[in-house]
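First comes the structure, then the notes that go with it.
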Amino acid sequence: MKTNTLFILIVSLMCTISCKAQVSLADLNGTSWKMVSPVSEYESTVWTFSKIRVTDTATFFHNNKVVKNSNPYYLSMSKPTSFNNALVGKSVKGNYLVMTKTKRNRLDWYTIMSLDLRKGDMYLFREARPDEVGGANVTIHLKLIK
């Protein structure tokens with residue numbers, strides 16, 4: 001387990017500096033991904049992509065309650081400063097996954113570090129936002145399930 005954590009930390013640091021994978025909308029549309037890292041002791045999370053929305057489904061371990069959040073997204077070649085609704089479903093390539101959290105009316109984005117559909121692995125990097133309390137840089141590893 002420590003080796004895996006060390007590997008993810010090293011990849012995160014290296015990719016913060018240089019890694020960005022260009023992804024197409026066709027790569028994501030119709031797929032579902034289980035979050036395998038960071039590991040949560042409270043829930044299991046699955047991200048499902050359509051052409052215009054990403055739905056994250058959290059299943060809580062203690063009571064099996066399922067909570068779904070569905071948000072519009074698009075791909076961008078540059079780090080966003082605001083959410084551009086006109087690009088949803090139309091921006092077909094990018095190395096940033098950009099979404100708006102509709103319940104909170106908040107911009108969120110991830111750097112797409114790598115996507116390997118053959119191996120079923122996707123790595124995203126979420127940079128801490130200056131306006132977040134307790135936010136941290138985090139590398140997310142997702143495993144293809146569909």
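The values are calculated or read from the model by the stated rules, or taken from the named source; none is laboratory data. What you see is a predicted model, and the numbers here were worked out from it, not measured in a lab. Backbone-built Cβ (ideal geometry, glycine too); neighbour counts: all protein chains shown. All accessible areas refer to the heavy atoms of the entire protein, side chains included, with ligands and DNA or RNA removed. Shrake-Rupley method; radii C 1.70, N 1.55, O 1.52, S 1.80 Å.
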TODO: Find how many whole Å separate the alpha carbon centroid of region 27-54 from the alpha carbon centroid of region 83-146.
DONE: 11
TODO: Quote the FRET efficiency, to the nearest 0.05, computed for Ala58 versus Lys93 with a Förster distance R0 of 30 Å and r equal to the Cβ-Cβ distance.
DONE: 0.55
- [ ] Would you mind computing, in nm to one decimal, how far apart the modelled labels at Lys101 and Ala136 are, each placed 7 Å from Cα along Cα→Cβ?
- [x] 1.7
Open item on the list: Taking a ≥ b ≥ c as the square roots of the Cα gyration tensor eigenvalues, with a/c under 1.5 meaning rounded and otherwise prolate when a/b beats b/c, else oblate, which class fits region 68-146?
Closed with: oblate
Task: Largest-first principal axis extents, alpha carbons of the chain, Å - done: 42, 38, 37
Task: Rounded accessible area per residue of the chain, 1.4 Å, Å² - done: 60
- [ ] Please tell me which of these pairs span more than 25 angstrom C-alpha to C-alpha: Lys93/Lys143; Lys51/Lys101; Lys20/Lys65; Lys65/Lys119?
- [x] Lys20/Lys65; Lys65/Lys119
Open item on the list: Taking all protein chains in place and a 1.4 Å probe, what share, in percent, of the accessible surface of the chain do carbon and sulfur account for?
Closed with: 57
Open item on the list: Given the whole protein assembly as supplied and a 1.4 Å probe, what does the accessible area of Ser44 come to in Å², nearest 10?
Closed with: 30
Task: Gaussian network model of the chain, Cα within-10 Å springs - most flexible of Met35, Met99, Met77 - done: Met77
